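Asker: Can you keep this structure in mind? I'll have questions shortly.
The values are calculated or read from the model by the stated rules, or taken from the named source; none is laboratory data. Worth saying up front: this structure is predicted, and the values here are computed from it rather than measured. As a convention, Cβ positions derive from the backbone with ideal geometry for all residues, glycine included, and neighbour counts pool all protein chains shown. Surface areas here come from the heavy atoms of the whole protein model, side chains and all, with no ligands, DNA or RNA. Shrake-Rupley method; radii C 1.70, N 1.55, O 1.52, S 1.80 Å.
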Amino acid sequence: MVSEKEIWQLLEQVSDPEIPVLTVVDLGVVRTVEWIDNEYVITITPTYSGCPAMQYIEKGIAEVLTDKGFDFKIVTTLSPAWTTDWLTKEGREKLNKYGIAPPVDEGDKSVLFGPPIVVPCPLCGSENTKMISQFGSTACKAHWQCKDCLEPFDYFKCLR
Amino acid sequence: MEINKQDALFEFVLRIADDSLILGHRISEWCGHGPILEEDIALTNIALDFVGQATNFYDYAAKVEGKCRTADDLAFLRFEREYKNVLLVEQPNGHFGDTIARQFFFDVFRKLFFEELAKSTDEELAGIAEKSLLETKYHLRHSSEWMIRLGDGTEESHAKIQESVDTLWRYTGELFFSNEVDALLLNEKIGVDIAALKRPWEKQVREILGEATIEIPAHAWQQAGGRTGVHSEHLGYLLTELQYMQRAYPGMEW
Ligand SMILES: [Zn+2]
């Protein structure tokens, strides 16, 4: 038996298949690591209900733990629901460097006529940007464009 | 009719799951056919959310039923009369405005419904509702924005979306269907007081339609049947496509 901290470190080798710069720990989908009844119980939570990456993430976690010969069980939980608040600070920095704008506080998603949000361009830093579509290349992203450098970019949208 | 708690819960969860699956399948039919690329992607993403939510609800329904059926069995191996989705969600996509109007009516309902279900004493249901609600807020904003854009848009878009609303209005009443299943579960603090959602639904729908300069149809005739398994002709065709693989190659896996 090793410490739970070592298991967490091991999990940092597992990256998100759709955003490979992020590990499952950065993403906040690993909720807990516990030692229960002679095995490690890894509790994970999906980002979006239909996120196809979850199966790969589960497989990836199983692989690194099997490689090291650990006994483990992976449990999925829905509550409390994953929100973008679970993204770590390191994760946000990695996203920005990778060219994906990290989530900004958007308030209540159901408010139609709220004030527009400001998403700085991850490429040039300009705040003069506009949303092209609320839905992007994956469930977790929206499609934006910078009005200064004119480059399109992905925005990891706020979910809460 | 006497109904026990387990049967009631199974039926209740199945209704939510069927609404999600059938609407998710309908929206997925837009994949590759969207009016613009961004919209194609948006609709496909929304479809994915619905199918994901359906999976969670079917998983739970299968567990509640306790007859060794799986989520896949429930999704792919039931007959038309066993589906309990509302008629609204099985209506054909029609043109883009028809799809948006159908989605808008349903999204307003779904948000109110999940807000209540998230308070259920059934932790598993509350958990799925809480998760789904976050996604539903995005869907609602998407469909509301399009209602306004189409209604308050050109003469042609206005006429088309008004017609969509006129046609689909008759299926909105069934969203608030409830029977002894709901009564029993409401009593157990598991279910939702669905009838109580009608007022806030109407208020929100009126608000957006007002903004969109769309009139609410004067006719009050409402069509129902889906919740009791009596569907429009459209569901059979949809299921034929949805179930094709499992019917042609029973038990096949990817
Ligand atoms: Zn820029």
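Asker: What is the average number of partner chain Cβ atoms found within 10 Å of a Cβ in B:134-141? Let's see the in-between values first.
Answerer: Numbers: counts 10, 7, 2, 6, 9, 4, 3, 7.
The mean count of partner-chain Cβ atoms within 10 Å per residue comes to 6.
Asker: List the cysteines in chain A whose Cβ has no other cysteine Cβ under 4.7 Å from it.
Answerer: A:Cys51, A:Cys140, A:Cys158
Asker: Which GluC sites (Glu not before Pro) from the range B:202-246 combine a DSSP loop assignment with at most 15 other Cβ atoms within 10 Å?
Answerer: Working: sites: B:Glu202, B:Glu207, B:Glu211, B:Glu215, B:Glu233, B:Glu241; in loops: B:Glu215.
Here the GluC sites (Glu not before Pro) that fit, given the DSSP loop and packing criteria, are B:Glu215.
Asker: Check each of the GluC sites (Glu not before Pro) in the range B:102-196 and keep only those in coil by DSSP with at most 16 other C-beta atoms within 10 angstrom; list them in order.
Answerer: Working: sites: B:Glu115, B:Glu116, B:Glu123, B:Glu124, B:Glu130, B:Glu135, B:Glu145, B:Glu155, B:Glu156, B:Glu163, B:Glu174, B:Glu180, B:Glu188; in loops: B:Glu188.
Loop-located and lightly packed - B:Glu188.
Asker: Suppose we take every Cα in the protein assembly as shown and form the convex hull; what volume per residue is that in Å³? The partial results should precede the final answer.
Answerer: Values: hull volume 64.9 nm³, N = 414.
Here the figure is 157 Å³ per residue.
Asker: So which chymotrypsin sites (Phe, Trp or Tyr not before Pro) in the range B:1-104 pass both tests, a DSSP loop state and at most 10 other Cβ atoms within 10 Å of the Cβ? Please report the intermediate quantities before stating the final value.
Answerer: Working: sites: B:Phe10, B:Phe12, B:Trp30, B:Phe50, B:Phe57, B:Tyr58, B:Tyr60, B:Phe76, B:Phe79, B:Tyr83, B:Phe96, B:Phe104; in loops: B:Trp30, B:Phe79, B:Tyr83.
In loop regions of the range B:1-104 (DSSP not H, G, I, E or B), the sparsely surrounded chymotrypsin sites (Phe, Trp or Tyr not before Pro) are B:Phe79.
Asker: Hey, can you grab everything whose amide H is under 5 Å from the amide H of A:Tyr40? Only 5+ residues off in sequence or another chain; H modelled, so Pro and N-termini drop out.
Answerer: For A:Tyr40, whose amide H was placed from the backbone, the distant partners under 5 Å are A:Asp71, A:Phe72, A:Lys73.
Asker: Which residues, if any, in the range A:65-89 lose at least 30 square angstrom of accessible heavy-atom surface (probe 1.4 Å) when the other protein chains sit next to their chain rather than the chain being alone?
Answerer: Flagged in the range A:65-89: A:Leu78, A:Ser79, A:Ala81.
Asker: Can you give the three extents of the C-alpha atoms in the range B:5-248 along their principal axes, from longest to shortest, in whole Å?
Answerer: So the extents along the principal axes, rounded to whole Å, are 55, 43, 32.
Asker: Shifting gears a bit: Using 7 Å Cα-to-Cβ label points, what is the B:Gln243/A:Lys97 separation (nm, one decimal)?
Answerer: 5.3
Asker: Solvent-accessible area per residue for the protein assembly as shown at a 1.4 Å probe radius, Å²? Mind dumping the intermediate values first?
Answerer: Details: 19280 Å² over 414 residues.
On a per-residue basis, 47 Å².
Asker: State the percentage of accessible surface on the protein assembly as shown attributable to carbon and sulfur atoms; use a 1.4 Å probe and exclude ligands, DNA and RNA. Don't skip to the end; give the middle numbers.
Answerer: Working: 10080 of 19280 Å².
The value for the protein assembly as shown is 52 percent carbon and sulfur by accessible area.
Asker: Give, to the nearest whole percent, the P(r) tail of chain A beyond 26 angstrom, counting all Cα pairs. Can you show the working numbers first?
Answerer: On the way: 4196 of 12720 pairs.
When all Cα pairs of chain A are counted, 33 percent exceed 26 Å.
Asker: Another question, if that's okay. Rounded to the nearest 20 Debye, what is the dipole magnitude of the range A:4-82 about its Cα centre when Lys and Arg each give +1 and Asp and Glu each give -1 at the C-beta?
Answerer: Charge dipole, the range A:4-82, about its Cα centre: 160 debye, nearest 20.
Asker: Show me you know the interface measure: the accessible area buried between B and A, both chains summed, probe 1.4 Å, in Å² to the nearest 100. Don't skip to the answer; put the middle values down first.
Answerer: Details: alone 12610 and 9180 Å², together 19280 Å².
Rounded to the nearest hundred, the buried surface is 2500 Å².
Asker: Considering only the other residues whose Cβ falls under 14 Å of the Cβ of A:Trp144, what net charge follows from Lys and Arg at +1 and Asp and Glu at -1? Present the calculation step by step, with values, prior to reporting the outcome.
Answerer: On the way: positive: A:Lys130, A:Lys141, A:Lys147, A:Lys157; negative: A:Glu106, A:Glu127, A:Asp148, A:Glu151, A:Asp154, B:Glu38.
The answer is -2.
Asker: How shielded is B:29-41 by partner chains, expressed as the average number of their Cβ atoms within 10 Å of its Cβ atoms?
Answerer: On the way: counts 0, 0, 0, 0, 0, 0, 0, 1, 3, 6, 2, 2, 8.
Whole-number average of other-chain Cβ neighbours for B:29-41 is 2.
Asker: Continuing with the same structure: Hey, what does the equivalent ellipsoid look like for the range B:141-231, semi-axes from the Cα gyration tensor as sqrt of 5 times each eigenvalue, largest first, whole Å? Show your work: numbers first, answer last.
Answerer: On the way: eigenvalues 183, 47, 20 Å².
So the equivalent ellipsoid measures 30, 15, 10 Å along its semi-axes.
Asker: Continuing with the same structure: Using Cα pairs closer than 8 Å and at least 6 residues apart in sequence, work out the relative contact order for chain B, in percent. Write out the running numbers ahead of the final one.
Answerer: Values: 340 pairs, mean separation 61.7, N = 254.
Value for chain B: 24 percent.
Asker: Residues with beta-carbon under 14 Å from that of A:Lys5, excluding A:Lys5: net charge, scoring Lys, Arg +1 and Asp, Glu -1? Walk me through the intermediate numbers first.
Answerer: Values: positive: none; negative: A:Glu4, A:Glu6, A:Glu12, A:Glu34.
Residues close to A:Lys5 contribute a combined charge of -4.
Asker: Taking θ as phi - 60°, what are the ³J(HN,Hα) couplings along the range A:12-22 by the Karplus curve (6.51, -1.76, 1.60), each to the nearest whole Hz, with x for Gly and Pro?
Answerer: Taking θ as phi minus 60°, the curve returns 5, 7, 8, 10, 6, x, 8, 10, x, 6, 9 Hz for the range A:12-22.
Asker: Considering only C-alpha atoms, what is the centroid distance from the range B:143-202 to the range B:38-87, in Å?
Answerer: 20
Asker: Using DSSP loop states and a limit of at most 15 other Cβ atoms within 10 Å to flag trypsin sites (Lys or Arg not before Pro), what is the longest stretch of chain B containing no flagged site? List each step's numbers first, then the result.
Answerer: On the way: sites that count: B:Lys67, B:Arg69, B:Lys119, B:Lys189.
The longest such stretch corresponds to B:120-188.
Asker: Let me ask you something else. Angle between the Cα long axis of helix B:233-242 and the longest principal axis of chain B, 0 to 90 degrees, nearest 10?
Answerer: 70
Asker: Provide a list, ordered by number, of residues in the range A:127-142 showing at least 50 Å² less accessible area with every protein chain present than when their chain is taken on its own, using a 1.4 Å probe.
Answerer: Buried on complex formation: A:Gln134, A:Phe135.
Asker: Something else: Under 8 Å for C-alpha pairs, at least 6 residues apart: give me the relative contact order for chain A, rounded to a whole percent. All intermediate terms of the calculation are to be shown ahead of the outcome.
Answerer: On the way: 267 pairs, mean separation 29.4, N = 160.
Here the relative contact order equals 18 percent.
Asker: Please compute the average number of Cβ atoms from other chains found within 10 Å of each residue's Cβ in peptide A:43-50.
Answerer: Working: counts 0, 0, 2, 3, 1, 10, 16, 15.
Rounded to a whole number, the mean comes out at 6.
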